[in-house]
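First comes the structure, then the notes that go with it.
The values are calculated or read from the model by the stated rules, or taken from the named source; none is laboratory data. Quick caveat: nothing in here was measured; it's all calculated off a predicted structure. Every residue, glycine among them, receives a Cβ derived from its backbone with ideal geometry; neighbour counts consider all protein chains shown.
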Amino acid sequence: MVAFHSALRRDLAHLARTASRHRSDDPARRRAVLTGWELFKTQLHIHHTGKDTDLWPRMRAHLSGRPDDLALLQAMEDEHGRIDPLVDSVDGALADPDHGHERLADTVDALTAELSGHLAHEERDTLPLLERSLSQAEWQGFVTDQRRKSGIRGAAQFLPWLLDGTSAEQTQVVLAELPAPLRVVYRRIWQPRYARHDHWSHQHRHEYRPARPRAEKNLGGPAGDSIREAL
Ligand SMILES: [Fe+2]
C-alpha cells in the first residue's frame, strides 16, 4: 500500500501542477500530460477493481457478525465509486483542447480531495483490518491471483510506473519480490521503455541507470509479500 499509494499521490501532484499552469498549445507537453494521465487512470482502475471484486470479498468471509468492519469495507467501495465520476470529469477537461483548461483546476481539486481522503482512510482503518483478518497465505493468494490476471503485460506497465521517482531502497524492496529473471527484464527492457516517453512533463527526463552488480547483490527484501509494502 505504501508504494502504490505513494505513486498515486505523486501523480496527483503532477496533475495539480498541470492544472495550475497556463494553457499551453505545446503538443509535446500535451502529449506528456496525457501519457501520465492515461497511466494513472489505468493503474487506479485496476487497483480499485481488484480490491472491490476480490480483496474485500476475501476479507468479508472472515468478518460475519462484525457490522463495524463490514461497514468499513462498504465505505471503501462507496469511496471508490465516488472517485470514478471525478476521474471522468478530469478526463473530459483534458480531452477538450478548446475549453477544458477553464474547468481543469476545479475538476482536479475535486478529484484530489476525494482520492487523498480515501487513501488516508484506507491506510488508517482498512490496512489494520486487512492485517487482522487475512493470514499471510490468504494475502499471498490474493497477490498471486492479481498478478495472474494482469499478466506479464500488466507488470511491464505497472512496475516502471510504480517505481518512477522512488528511492533506491524502496525500489530494491519492490524488485526483491520478483523472480531474478524478471528483475533483469525490468532493468533492461521495462524501465528503459517507460523512460523513453515523457510522463506529465516534457522537460522531465527519466534517466535510465543500468543495473549494477552491487545493487543486485544487495537485493534483500522480505521473503514473501509484505502487506504494507505490496498492496
Ligand atoms: Fe482504495
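In the stretch 17-35, the residues that are under 16 Å from H199 (Cα atoms) and part of a helix (DSSP H, G or I) reach residues that are of a type in the set (S, T, Y) and at pLDDT 85 or above with C-beta atoms within less than 7 angstrom, at least six apart or across chains, in these pairs: A32/S201; V33/T18. Taking first residues from the stretch 38-51 that are under 18 Å from R148 (Cβ atoms) and partners that are more than 10 Å from the ligand (Cβ to nearest atom) and modelled with pLDDT under 95, the Cβ contacts under 7 Å between residues at least 6 apart in sequence or on separate chains come to I46/S150; G50/Q146.
One line per residue, one yes/no per condition, for (1) of a type in the set (F, W, Y); (2) at pLDDT 95 or above; (3) under 20 Å from A3 (Cα atoms); (4) within 16 Å of the ligand (Cβ to nearest atom):
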| site | (1), (2), (3), (4) |
| --- | --- |
| V87 | no, yes, no, yes |
| D98 | no, no, no, no |
| E102 | no, no, no, no |
| D106 | no, yes, no, no |
| D109 | no, yes, no, no |
| E114 | no, yes, yes, yes |
| H118 | no, yes, yes, yes |
| L130 | no, yes, yes, yes |
| R147 | no, no, yes, no |
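The condition of being farther than 30 Å from R187 by Cβ and in contact with a Gly (Cβ under 6 Å, 6 or more places away or on another chain) holds for only one of A93, A110, that being A93.
Cβ-Cβ distances below 9 Å connect the following pairs, each with a first residue in the stretch 76-100 that is over 24 Å from R124 (Cβ atoms), a second residue that is outside any helix (DSSP H, G or I), and a separation of six or more residues or different chains: A93/H99; P97/D25; G100/R23.
The single condition among (1) modelled with pLDDT under 80; (2) within 28 Å of A61 (Cβ to Cβ); (3) surrounded by 15 or more Cβ atoms within 10 Å (Cβ to Cβ) that P222 does not satisfy is (3).
Of all residues in the stretch 66-78, one or more are at pLDDT 95 or above, among the charged types (D, E, K, R) and within 13 Å of the ligand (Cβ to nearest atom).
Taking the criterion of being without any contact (Cβ under 8 Å) to a residue 40 or more places away in the chain, touching a helix residue (DSSP H, G or I) at 6+ places or on another chain (Cβ under 9 Å) and in a helix (DSSP H, G or I), the residues of the stretch 58-75 that qualify are R60, L70, Q74. Total residues in the stretch 60-104 satisfying the condition of being more than 21 Å from the chain's Cα centre (by Cα), of a type in the set (A, V, I, L, M, F, W, C) and surrounded by 15 or more Cβ atoms within 10 Å (Cβ to Cβ): the figure is 5.
Against the condition over 24 Å from A110 (Cβ atoms), surrounded by 14 or more Cβ atoms within 10 Å (Cβ to Cβ) and away from the ligand (no atom under 13 Å from the Cβ), how does R29 come out, does it pass? Judged against the criteria, R29 is not a match.
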